[in-house]
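Heads up, the thing below is written out as structure tokens.
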Amino acid sequence: MRPILLSGHERALTQVKYNADGDIIFSVSKDHVVCAWFSHNGERLGTYHGHVGALWTVDVDPTSTLLATGGADNTIRLWEVRTGKQLKSWEFGTAIKRVEFSPDGRQLLGITEKRQGHLSTIFVYEINPDPSAEQTDEQSLRIVCDEAKATVAGFSYGAKYIISGHEDGTVCQWDAKSGEFLDSVQAHEADMQVTDLQWAPDRTYFITASKDKTAKLMSTNDLEILKTYTTDTPLNSAAITPVKDFVILGGGQAAMDVTTTSARQGKFEARFYHKIFMEEIGRVRGHFGPLNYVAVHPKGTGYCSGGEDGYVRVHHFDKPYFDFMYEVEREQQANL
Amino acid sequence: QDLAKKNTANRQVVEHRRRLLQEWLSWREYIVQLVKSEGWDIEGRKEDVGGGEVIE
């Protein structure tokens, strides 16, 4: 594995995303700037300027035409990927913690932070995929999370459900058309925040990461916990790899949060687990601070991580990664 | 005798993994059928990638 270091941000990375083809990586940071990079060589393609606060979240539509960003300046902004032009800005009463496009790119979901006088809400805008079109000011859906604030959310397959993760460790399922509450599961330890939610390629299942040091693989339809990955550090992010049946977990205790002096400071490694057997397979070191986000190349050829240290590290998988198989997997393949 | 014990333990681990793999594969089959029967158009990865889990 030859990692490429993307140095361009001046502060902690908060989210990194590949586009659908996997040739571009978008990154957002507390430094207010959105960056686009070529994933194969780490060359910076461009930056998107306009935000006036820390950025928490980024997503790109399936055709790599539109980019959405949100952050502490209480705005969601929509950009044209190719030109860097800002197409739209929606303003809110509080910070934006998450944005995500629907699988077809025609809807955009956002989550607002809870603050005095403002409840955490999940809302949806209908998106016109044409960059020259006027975008709507009207929200097509509003879900108020009055029990526990939402921290992460996304659209299921066919945008049938919205699945959300919350600060109290619960995961909820909503009807994505009506906003009706359908189901809730205490997936993680009570009052341990769900820090990430990423989908399997077909969105029939997803993975959640939590401060409770575990990641869970859950089914979209009935929120069944299919798998549990147990680590020794609070997790900020978890991703599912296509092609190989692995998951990648990222996290780490910030130095200021390490209370016992004997504890090994840091543990700033990306951890690979076997998705089905739930066993740890390996770790990748490199960051000097917690990993705030891990993203997998959509074709499963590599991954990247955004760190509290201000760097994005891009890894391309080698042949041994693809060759690695458990004996029972070989058996299975031989029987096909 | 130690060797025999070790072999038994190994066999159990392998049996366990085999079970997990079969469970997973049957769940995948079930869920793909279910989603298909709901008539959803799944926007997943493109089909040319291969090797992964794509619902056709």
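The values are calculated or read from the model by the stated rules, or taken from the named source; none is laboratory data. For clarity, every value in this text was computed on a predicted model and none was experimentally measured. Cβ sites come from the backbone with ideal geometry, for glycine too, and all protein chains shown count toward neighbours. These accessible areas exclude ligands, DNA and RNA; they are computed on the full protein's heavy atoms, side chains included. Shrake-Rupley method; radii C 1.70, N 1.55, O 1.52, S 1.80 Å.
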Can you confirm whether A:Gly84 is in contact with a strand residue (DSSP E or B) (Cβ under 6 Å, 6 or more places away or on another chain) and surrounded by fewer than 20 Cβ atoms within 10 Å (Cβ to Cβ)? yes
Pairs with Cβ under 6 Å, 6+ apart, first in region B:22-37 and facing chain A (nearest Cβ under 8 Å) and surrounded by 13 or more Cβ atoms within 10 Å (Cβ to Cβ), second among the hydrophobic types (A, V, I, L, M, F, W, C) and outside any helix (DSSP H, G or I): B:Trp24/A:Ile276; B:Val32/B:Ile55
Does A:Phe123 satisfy the condition of being farther than 24 Å from A:Val33 by Cβ, modelled with pLDDT of 95 or more and within 14 Å of another protein chain (Cβ to nearest Cβ)? no
Only one of A:Leu119, A:Leu66, A:Leu78, A:Leu87 is hydrophobic (A, V, I, L, M, F, W, C), touching a residue at least 60 places away in the same chain (Cβ under 8 Å) and over 23 Å from A:Glu308 (Cβ atoms), namely A:Leu66
Looking only at region A:40-51, decide whether some residue is within 17 Å of the chain's Cα centre (by Cα), modelled with pLDDT of 95 or more and on the phi < 0 side of the Ramachandran plot. no
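Residues that are open to solvent by less than 30 Å² (accessible area, probe 1.4 Å) and within 19 Å of A:Gly70 (Cβ to Cβ): find the strands (runs of 3 or more DSSP E) completely inside region A:87-175 holding 3 or more of those. Lay out the reasoning, then the answer.
On the way: elements: A:96-101, A:107-112, A:120-126, A:139-145, A:150-155, A:161-166, A:171-175.
Result: A:96-101, A:107-112, A:120-126, A:139-145, A:150-155, A:161-166.
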A:Asp191 fails exactly one of (1) part of a loop (DSSP other than H, G, I, E, B); (2) at pLDDT 95 or above, namely (2)
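Going by the conditions given, is A:Tyr326 closer than 15 Å to A:Thr241 by Cα and open to solvent by less than 30 Å² (accessible area, probe 1.4 Å)?
Working: closer than 15 Å to A:Thr241 by Cα: no; open to solvent by less than 30 Å² (accessible area, probe 1.4 Å): yes.
When the stated conditions are applied, A:Tyr326 does not pass them.
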Taking only region A:202-224 into account, find how many residues are within 12 Å of chain B (Cβ to nearest Cβ) and either closer than 15 Å to A:Arg271 by Cβ or open to solvent by 10 Å² or more (accessible area, probe 1.4 Å) (or both). 5
Which residue pairs have Cβ atoms under 8 Å apart, sit 6 or more places apart or on different chains, and have a first residue in region A:319-334 that is away from chain B (no Cβ under 11 Å) and within 20 Å of B:His16 (Cβ to Cβ) and a second that is surrounded by 14 or more Cβ atoms within 10 Å (Cβ to Cβ) and of a type outside the set (Val, Ile, Thr)? A:Phe324/A:Lys244
Do we have any residue at all in region A:41-63 that's in contact with a Ser or Thr (Cβ under 6 Å, 6 or more places away or on another chain), charged (D, E, K, R), open to solvent by 20 Å² or more (accessible area, probe 1.4 Å) and closer than 29 Å to A:Gly302 by Cα? no
